[in-house]
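Worksheet: one structure, shown below.
The values are calculated or read from the model by the stated rules, or taken from the named source; none is laboratory data. Since the structure is predicted, the reported quantities are computational estimates derived from the model, not experimental observations. Heads up, the Cβs are rebuilt from the backbone with ideal geometry, glycines too, and the neighbour counts pull from every protein chain shown.
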Amino acid sequence: MTELTRLLGHGDESARLDVAALEIAGIEYPDLDHGRFLEQLDTWAGEIGRQVGLEAPGDRFLDVLTGYLTVTLGFTGNQRSYYDVQNSCLNRVIERRTGLPITLSLLYIEIGRRLGRDIHGIGLPGHFLAGYRDSQMSAYIDPFHGGELLDRRGAIRLISALRGETWMPGANDFEPASKRQIALRMLNNLRGAYLRKQQWSKVIQVLDVMMIAPQAGPDRQALEGELAKARQAWARLRASLN
C-alpha cells in the first residue's frame with residue numbers, strides 16, 4: 001500500500017488519492033488491477049476536457065462535468081443499499097456507477113485534478129461534498145444527489161435536512177479536507193460496513209491500516225480497544241468453525 005502508507009503515515013499530500021483509494025478497495029479485492037480503473041478516469045477526464053476546453057469559465061466547466069458524470073454515465077448515490085461494502089470500493093463505484101458521497105466526490109476530485117481544476121473534498125457531518133473554486137467563483141457539488149450545485153446556505157440546508165434539525169457549521173467545517181482525512185473517512189466507512197456484516201477479519205485489516213496514521217481518528221485508544229475486540233471475535237469465530 002505504497003500511496004496509502006505515504007498518505008496516512010506521513011501526511012504526504014503529494015500522494016495520489018485515486019491510487020490510495022484503490023489500495024483501500026484492495027482490502028475487499030486483493031487482486032485488484034489498479035491500472036484499468038486509473039485509465040478509465042483518464043478517459044473520462046479526456047472526454048470532459050474535449051467538451052469543455054481549457055479556458056472555459058467555472059460555471060461552464062461544472063455544467064459539463066456534472067452532466068457527463070450524472071447524465072451520460074449515470075452516476076448517482078446508492079440510497080437503496082447505502083451500507084454495502086462495495087460503495088466504499090472505488091473500483092466497484094466506477095463499475096456500478098453508484099456509491100457513497102465520499103467515493104462519488106472522489107471521482108470529481110480526481111477528474112478535476114486531471115484537468116487542472118481545483119476540486120477538493122468537504123467533510124461535513126454525516127455527508128460529504130466536493131468543493132470547486134477558481135479566481136471567479138466557488139461552489140459545492142453534491143454527487144450523491146445527482147451532482148446538485150450548492151452555495152454555502154444550500155449546503156447548510158442540506159445537512160440540516162439530513163440531520164432532522166438545524167445545523168450551525170463551525171469555523172472549520174467548510175475547510176477543504178486533506179487527502180489523509182479523506183482516506184481515513186473512507187476507511188472508517190469500510191470498517192462500518194464490515195462491522196455490520198460481522199466480517200471480523202476484514203475489520204481487523206481496516207483497523208490495522210487506520211493505525212498507520214499517527215492520529216487515527218479522534219480517539220486512538222478507542223481504536224486500539226476496538227482492534228483487540230475484533231481480534232477476539234475473529235478468534236472465537238475461527239474456533240467455532242474448527
**Report entry** Top-ranked residue of the stretch 16-40 - restricted to ones that are in a helix (DSSP H, G or I) and acidic (Asp, Glu), ranked as nearest to residue 179 (Cα to Cα)
**Finding:** 18
Report summary line: Only one of (1) of a type in the set (Gly, Ala, Ser); (2) closer than 30 Å to residue 43 by Cα; (3) modelled with pLDDT of 95 or more does not apply to residue 155, and that is (2)
Requested in this report: Answer yes if at least one residue in the stretch 41-62 is touching a Gly at 6+ places or on another chain (Cβ under 6 Å) and assigned to a helix (DSSP H, G or I), and no otherwise.
Outcome: no
Report summary line: Conditions (1) within 20 Å of residue 104 (Cβ to Cβ); (2) over 16 Å from the mean Cα position of the chain (by Cα) -> residue 198 fails only (1)
Requested in this report: Out of the residues in the stretch 1-15 that are within 22 Å of residue 31 (Cα to Cα) and outside any helix (DSSP H, G or I), state the one that is modelled with the lowest pLDDT.
Outcome: 1
**Report entry** Test: residue in the stretch 185-196 that is surrounded by 13 or more Cβ atoms within 10 Å (Cβ to Cβ) and either aromatic (Phe, Trp, Tyr) or farther than 30 Å from residue 69 by Cα (or both)
**Finding:** yes
Query raised in the report: So which residues in the stretch 97-127 are crowded, with 21+ Cβ neighbours inside 10 Å and in a loop (DSSP other than H, G, I, E, B), if there are any at all?
Result: 100, 117
Report summary line: Expected output for the stretch 71-97 (first residue on the phi > 0 side of the Ramachandran plot, partner outside any helix (DSSP H, G or I) and aromatic (Phe, Trp, Tyr), Cβ below 8 Å, 6+ apart or cross-chain) is 97/75
Query raised in the report: Is there a residue in the stretch 4-13 that is in contact with a Pro (Cβ under 9 Å, 6 or more places away or on another chain) and buried (at least 21 other Cβ atoms within 10 Å of the Cβ)?
Result: yes
Requested in this report: Spot the failing condition for residue 128; the list is (1) modelled with pLDDT of 95 or more; (2) more than 27 Å from residue 166 (Cα to Cα), and only one is missed.
Outcome: (2)
